[in-house]
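Working notes for the structure below.
The values are calculated or read from the model by the stated rules, or taken from the named source; none is laboratory data. On a predicted model such as this, the values are computed, not experimentally measured, just so you know. As a convention, Cβ positions derive from the backbone with ideal geometry for all residues, glycine included, and neighbour counts pool all protein chains shown.
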Amino acid sequence: MSDLAAKQCVPCRGGVPPLGADEQQRLLRELAHDWEIVDGHHLDKQFNFDDFLQALAFTNRIGELAEEQGHHPDIHLAWGKVRVTIWTHKIDGLTESDFVFAAKTEKLAR
């Protein structure tokens with residue numbers, strides 16, 4: 001199994017099709033459990049924490065990662081939980097970089 005987290009997100013310039021279902025499923029198998037592909041369009045996962053402060057700290061780490069990688073997920077922060085939703089806005093679908101960002105996000109939660 002390849003290490004998606006070791007790769008870098010590649011900016012999408014548009015004009016490329018989103019990944020097909022087979023490729024999405026192949027890449028999903030390389031992620032930690034609990035990531036979902038929703039409607040073949042985006043990746044989604046909820047991370048749970050003991051309190052608001054831990055969830056906030058995780059959210060801030062994701063923000064730093066997003067700036068570093070030039071890839072920005074939707075992040076929903078609530079008491080003790082953070083929901084992360086990832087897709088490539090430029091093509092309104094999934095690219096390999098979305099799975100790379102998900103793997104990097106997973107490492108931040110450890």
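Restricting attention to the stretch 48-71, the residues being farther than 15 Å from Leu108 by Cβ and either assigned to a helix (DSSP H, G or I) or at pLDDT 95 or above (or both) number 4. For Thr85, the requirement of being within 11 Å of the chain's Cα centre (by Cα), of a type in the set (S, T, N, Q) and surrounded by 13 or more Cβ atoms within 10 Å (Cβ to Cβ) is met. The residue that is surrounded by the most Cβ atoms within 10 Å (Cβ to Cβ), among those in the stretch 88-97 that are under 21 Å from Glu30 (Cβ atoms) and not hydroxyl-bearing (Ser, Thr, Tyr), is Leu94.
Answer yes or no as to whether Gly20 is farther than 21 Å from Gln69 by Cβ, in contact with a Leu (Cβ under 9 Å, 6 or more places away or on another chain) and small (Gly, Ala, Ser). It is false that Gly20 is farther than 21 Å from Gln69 by Cβ, in contact with a Leu (Cβ under 9 Å, 6 or more places away or on another chain) and small (Gly, Ala, Ser). Within the stretch 11-54, the set of residues being at positive phi and among the charged types (D, E, K, R) comprises Asp34, Asp39. Would a scan of the stretch 65-78 turn up a residue that is touching a His at 6+ places or on another chain (Cβ under 7 Å) and either more than 26 Å from Val10 (Cβ to Cβ) or of a type outside the set (Phe, Trp, Tyr) (or both)? Yes, some residue in the stretch 65-78 is touching a His at 6+ places or on another chain (Cβ under 7 Å) and either more than 26 Å from Val10 (Cβ to Cβ) or of a type outside the set (Phe, Trp, Tyr) (or both). Counting just the residues of the stretch 72-82 that are in a strand (DSSP E or B) and out of contact with any Gly (no Cβ under 8 Å at 6 or more places or on another chain), which one comes out surrounded by the most Cβ atoms within 10 Å (Cβ to Cβ)? Selected residue: Val82. Considered as a group, the residues in the stretch 30-44 that are in a loop (DSSP other than H, G, I, E, B) and free of Cβ contacts under 8 Å to residues at least 12 places away in the same chain include one that is farthest from Trp87 (Cα to Cα), and that residue is His33.
Within the stretch 7-28, residues that are outside any loop (DSSP other than H, G, I, E, B) reach partners that are among the β-branched types (Val, Ile, Thr) with beta carbons closer than 7 Å, at six or more positions or on different chains, in the pairs Gln24/Ile37; Leu28/Ile37.
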